[in-house]
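So the structure is just underneath, and the comments pick up after that.
The values are calculated or read from the model by the stated rules, or taken from the named source; none is laboratory data. Please read these numbers as outputs of a predicted model, since none were measured by experiment. Cβ coordinates were reconstructed from backbone atoms using ideal geometry, including for glycine residues, and neighbour counts include every protein chain displayed.
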Amino acid sequence: MLKKLSLAALVAMGSMSVASATDLSSAIKGVDLKGALRIRLYNENPKDSGSYNKWRTNAAFIFAVPVSEDLKLVDRISTETYVKNGTTGKGADTVNSDVKDNVLFAKYSKDGLTVLAGKIPVATPITDTDLFGPPSHGAGALATYKVTDSLTLAGAFVDALVATDPVTVGANNTYAAAAIFNSDIADAQLWFFNVNNTIDSDIVFSADIKALEESGVALHVDYAQASLATDNKNKNDNTQKYYNVSASFKKDAFCAKLGYAATGKDGGVVALDVDSKLSAVAATHQKYSIINTADNDMIYAKLGFQVDPKTSVYAAYTTIDKSYDDDKTKGGADEVEVGGAYKYTKKFTLSAYYSILSDDTNGDNNEFRAEAQYKF
């Protein structure tokens, strides 16, 4: 009798589930889907060892499900495959990652107020915002409020921030506050960060000067000053400073950029991720940041040309901590890179570059990368 009742109950429950289920075509109405698909092939040719290939494929899908006019639920799903085939005799080293649900949060927007709560992406000048990364994320809340057309205030609390490199935040809480200013002359941001047991204070200022845009000139300035917590692993509670300034020029099919970055002598953590907007400033791909180093400087430059509406080419150069008094280097690096891109469609782009790196610390390496990317 029990088996018959259980079977009957299961049938009834199944019927109820089918009856209450939402038709797929109805469920996806109004859902906003964004994301990208990317395929990369690398060929690495280190000076002191054999060359090898790397394959990396990524997919990211972001679903925004409307709950009401002011409220959405946002989910991000991604996957990555990494294959490395070298000359060590060990064969191929293959990693096929599982599908990951990186973020899931509620987004509320009304009357100038926007609030993200749940497992949220953390988009700041010192964290990674790369779509494929995945971006730096954690459990918490982030809010912005548009005070005027020119001023927006922001604040965030994040528990267990992850996807940061090289700094591991772990279970420590992260706090942030910001003022964001926009005008016809300049766009500027002022941020304050605190990470328990890691960073006592990190003050970041960034500005884009637009006053000369009509002549094709744009200026950018970054300044950061951070002090580590006294109980951090590095046992370094000195104050570290970071500067970055650049000027860019665009005229018809030509564009150019020249920049200079420098760090203070004390050393310490200024950015949580090396791929953050504050950190990744040079146009080359093997050497592009010095932000968390001590007593270092970097000069970087890029020259580009738009061949036609679909095709562009460029050449870039980066030099780090180079001694100009003689021919000897002081733990520095030089990188020369040439590359280009072809916009096959509005959403699909093919690109490639070849980079020659001379690195006194980590060794020389020539790198080739080809990429196919589709954004939607």
Considering (1) under 20 Å from VAL269 (Cα atoms); (2) modelled with pLDDT of 95 or more; (3) touching a Leu at 6+ places or on another chain (Cβ under 6 Å), say which one TYR145 fails and leave the rest.
(1)
Select from segment 146-172 the residues that are among the hydrophobic types (A, V, I, L, M, F, W, C) and part of a loop (DSSP other than H, G, I, E, B) and write down the one among them that is nearest to LEU272 (Cα to Cα).
VAL167
Under 7 Å between Cβ atoms, which residue pairs at least 6 apart in sequence (or on different chains) link something in segment 302-315 that is under 12 Å from ALA341 (Cβ atoms) with a partner that is of a type in the set (Lys, Arg) and surrounded by 15 or more Cβ atoms within 10 Å (Cβ to Cβ)?
LYS310/LYS343; TYR314/LYS302
So, in segment 348-376, exactly how many residues are in contact with a Pro (Cβ under 7 Å, 6 or more places away or on another chain) and under 29 Å from ALA59 (Cβ atoms)?
1
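Each row is one residue, and each column tells you yes or no for (1) over 30 Å from ILE356 (Cβ atoms); (2) modelled with pLDDT of 85 or more.
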residue: ASN43; (1), (2): no, yes
residue: LYS47; (1), (2): no, yes
residue: PRO66; (1), (2): yes, yes
residue: GLU69; (1), (2): yes, yes
residue: TYR82; (1), (2): no, no
residue: ASP98; (1), (2): yes, no
residue: LEU104; (1), (2): yes, yes
Criterion violated by LEU151 - all others in (1) within 18 Å of the chain's Cα centre (by Cα); (2) surrounded by fewer than 17 Cβ atoms within 10 Å (Cβ to Cβ); (3) farther than 20 Å from ASN244 by Cβ satisfied
(1)
Being among the hydroxyl-bearing types (Ser, Thr, Tyr) and crowded, with 19+ Cβ neighbours inside 10 Å: is that true of TYR344 here?
no
Residue count for segment 257-291, restricted to those that are more than 16 Å from the chain's Cα centre (by Cα), farther than 26 Å from TYR354 by Cβ and not hydroxyl-bearing (Ser, Thr, Tyr):
7
Go through the residues of segment 185-206 one by one and say whether even a single one is modelled with pLDDT of 95 or more, under 16 Å from LEU278 (Cβ atoms) and in contact with a His (Cβ under 9 Å, 6 or more places away or on another chain).
yes
Scan segment 274-301 and report the pairs whose first residue is closer than 16 Å to LYS241 by Cα and whose second residue is basic (Lys, Arg), with Cβ atoms within less than 9 Å and a gap of 6+ or a chain change.
ALA294/LYS265; ASP295/LYS265; ASP297/LYS322; MET298/LYS287
Within segment 336-364, work out how many residues are touching a residue at least 24 places away in the same chain (Cβ under 8 Å), of a type in the set (Lys, Arg) and outside any strand (DSSP E or B).
1
